[in-house]
Amino acid sequence: MNRHDPIRPEEYLEPSCPFCTDFYKPAEETVTPVDLRRMTEKLDEHLARNDTAAALRHLDYWRAEAIQGRDRRGELGIENERMGLLRKLGRKDEALESVDRALALTDALAMQGTLTDATTRLNCATVYKTFGRSDLALALYAQARAVYERELAPDDPRLGGLYNNLGLALADLDRFDEARAVYDKALGIMALAPNGALEAAITELNLADLAAKAQGLLQAEDEIERRLDRAEALLRQPELPRNGYYAFVCDKCASVFDYYGRFLTAMELRQTVEDLYAGNGAGKKLL
């Protein structure tokens with residue numbers, strides 16, 4: 001969750017709904033900020049148990065609180081979390097509605113060019129990419145990239161995440177050389193980031209898929225095997241925290257190993273996910 005700057009009066013003396021311009025709230029009304037730290041801590045608890053239904057109810061509750069309190073910055077933070085969860089759940093229409101709402105909020109708050117706006121656009125682009133609109137995603141990724149590359153250090157893990165997602169959209173559009181270039185950028189950043197092995201493993205699997213798509217399975221067999229070996233070694237690094245995010249990444253990677261015939265690895269990954277979400281990791285040999 002990104003921290004936001006203090007709210008200025010000119011931000012909250014706008015229509016309470018950014019889609020509406022036919023009435024204005026009285027100038028004396030003030031914003032009642034939501035407690036984003038408290039919201040995020042409880043959300044993490046739900047996600048650590050993989051209780052996505054409870055997580056969505058939690059986000060909807062806090063979203064309503066933010067709207068009631070006219071806390072647009074808080075609502076934007078919640079909407080960013082919400083669209084990501086809806087995307088993971090495959091709830092296309094709701095996720096796209098969340099994208100529209102988040103973009104409207106950044107416009108209403110005049111956030112263009114800020115890191116918060118760039119992160120929002122990255123998240124929105126990832127929703128578009130997930131639901132088959134990589135053409136729309138690329139424009140938003142480009143906007144996010146311009147801000148990230150200007151404002152962040154070259155080794156910032158957030159840049160690695162952006163490059164990884166951008167590569168997926170480029171690959172969807174058969175822009176293979178561009179995709180490989182940004183994947184390589186992501187690997188270089190994640191090699192230096194704390195616990196960056198998880199994101200690097202995802203990138204290695206993305207590169208395996210890219211090789212298969214660009215060259216064909218038979219021609220790319222050697223590269224695919226190398227990428228799979230590297231991804232598995234990265235996931236097995238003993239220093240990685242075995243937590244909810246580790247479980248999420250293992251779950252994401254399992255289907256890729258399955259696809260390429262590494263069924264034992266996929267099975268081990270899924271068992272690790274099950275143990276972590278159930279809280280049964282203590283004393284067990286996890287991946």
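Rounded to a whole number of µm²/s, how large is the Stokes-Einstein D of the stretch 236-281 at 4 °C and 1.567 mPa s, given Rh as the Kirkwood radius over C-alpha pairs?
Estimated via Stokes-Einstein, D reaches 122 µm²/s.
Whenever you get a sec, line up Leu218, Leu122 from highest to lowest accessible area (probe 1.4 Å, protein heavy atoms).
Leu218, Leu122
Karplus couplings for the stretch 90-105 from phi (6.51 cos²θ - 1.76 cosθ + 1.60, θ = phi - 60°), rounded to Hz, Gly and Pro as x?
Residue by residue, the stretch 90-105 yields x, 8, 4, 4, 5, 5, 5, 5, 5, 4, 4, 5, 5, 5, 5, 5 Hz.
Using only Cα atoms, tell me the angle between helix 157-172 and the longest principal axis of the chain; keep it within 0 to 90° and round to the nearest 10.
Helix 157-172 and the main axis of the chain meet at about 70 degrees.
Here are a few candidate values for P(r) over Cα pairs in 10 Å bins from 0, in percent: [x] 7, 30, 37, 21, 5, 0; [y] 6, 21, 26, 23, 16, 7, 2, 0; [z] 6, 25, 33, 23, 9, 3, 0. Which one was actually calculated from the structure I just gave you?
The calculated read-out lines up with [z].
Within the chain, count lysine pairs with alpha carbon atoms under 27 angstrom apart where the residues are 8 or more positions apart or belong to different chains.
Lysine pairs, 8 or more places apart or on different chains, close enough: 19.
Chymotrypsin sites (Phe, Trp or Tyr not before Pro) within the stretch 209-248: which are DSSP loop residues with at most 11 other Cβ atoms inside 10 Å?
Here no chymotrypsin sites (Phe, Trp or Tyr not before Pro) fit, given the DSSP loop and packing criteria.
With a sphere of radius 14 Å drawn around the Cβ of Glu225, what net charge do the other residues whose Cβ falls strictly inside it have (Lys, Arg +1; Asp, Glu -1)?
Result for the neighbourhood of Glu225: -3.
Considering only protein heavy atoms, what is the solvent-accessible area of Met267 at a probe of 1.4 Å, reported in Å² to the nearest 10?
Solvent-accessible area, nearest 10 Å²: 120 Å².
Below 11 angstrom from the Cβ of Leu234, what's the summed charge of the other residues (Lys, Arg +1; Asp, Glu -1)?
Local net charge: -1.
Work out which trypsin sites (Lys or Arg not before Pro) in the chain are exposed loop sites (DSSP not H, G, I, E or B, at most 10 other Cβ within 10 Å) and give the longest gap free of them.
4-284
Indicate the gyration tensor shape class of the stretch 57-159 (rounded, prolate or oblate), computed on the Cα atoms with a ≥ b ≥ c the square roots of the eigenvalues: a/c under 1.5 is rounded; otherwise a/b larger than b/c is prolate and the rest oblate.
Oblate.
Rounded to the nearest 500, what is the chain's calculated 222 nm mean residue ellipticity when only DSSP H runs of at least 4 contribute -39500 (n - 2.57) each, over all residues?
About -23000 deg cm²/dmol.
Exposed loop sites here are GluC sites (Glu not before Pro) in DSSP loop states with at most 16 other C-beta atoms within 10 Å. What is the longest stretch of the chain lacking them?
Longest site-free region, per DSSP loop and neighbour criteria: 30-238.
Any idea what the alpha-carbon Rg over 2.2 N^0.38 Å comes to for the stretch 105-204?
Against the compact-globule rule of thumb, the ratio is 1.04.
In what order, largest first, do Asp177, Asp258, Asp156 sit by accessible area if the probe radius is 1.4 Å?
Asp177, Asp258, Asp156
Roughly how many Å² is the accessible area per residue of the chain, as a whole number, for a 1.4 Å probe?
Here the residues of the chain average 50 Å² of exposed surface.
The values are calculated or read from the model by the stated rules, or taken from the named source; none is laboratory data. Only a predicted model underlies this, so the values are computations on that prediction, with no experimental measurement involved. Cβ sites come from the backbone with ideal geometry, for glycine too, and all protein chains shown count toward neighbours. For accessibility, only protein heavy atoms count, side chains too; no ligands or nucleic acids. Shrake-Rupley method; radii C 1.70, N 1.55, O 1.52, S 1.80 Å.
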